[in-house]
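Where a number appears in this text, it was derived from the coordinates with a stated rule and is not lab data. Please read these numbers as outputs of a predicted model, since none were measured by experiment. All Cβ positions, glycine included, derive from the backbone under ideal geometry; neighbour counts span all protein chains shown.
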Amino acid sequence: MSSTASEAPRRPPRAVATPCVQVCIVDGPTGLCLGCYRTLQEIGGWSALTDDRRAEIMAELPSRRARIDPAKLGPV
């Protein structure tokens with residue numbers, strides 16, 4: 001009995017990984033974590049978010065980083 005590609009078990013798509021880098025300090029003026037640039041609400045609810053919402057947040061992170069005072073961030 002041979003198996004074809006159409007018979008191969010389908011794997012669910014990989015979930016969007018967390019951007020957490022274990023630096024959990026919230027910037028007061030922006031409300032964003034200085035490590036991952038998410039809000040406390042996003043961090044706390046990450047596991048309950050859909051993959052689409054996680055991907056949206058991930059796409060926003062570079063522009064969020066730009067909102068934080070560079071003096072508060074370490075070297076890139």
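Which of rounded, prolate or oblate describes segment 17-68 when judged by the alpha-carbon gyration tensor and an a/c cut-off of 1.5? Prolate, because a/c is 1.5 or more and a/b exceeds b/c. Ranked for footprinting exposure by Cβ neighbours inside 10 Å, fewest first, 36, 24 give 24, 36. Amide H to amide H distances under 5 Å link residue 35 with 25, where only residues 5 or more positions off or on other chains count and H is placed in the peptide plane. Computed from label points 7 Å out along Cα-Cβ, the spacing between residue 51 and residue 66 is 2.9 nm. Near residue 19: Cβ cut-off under 12 Å, other residues only, Lys/Arg at +1 and Asp/Glu at -1. The net charge is +2.
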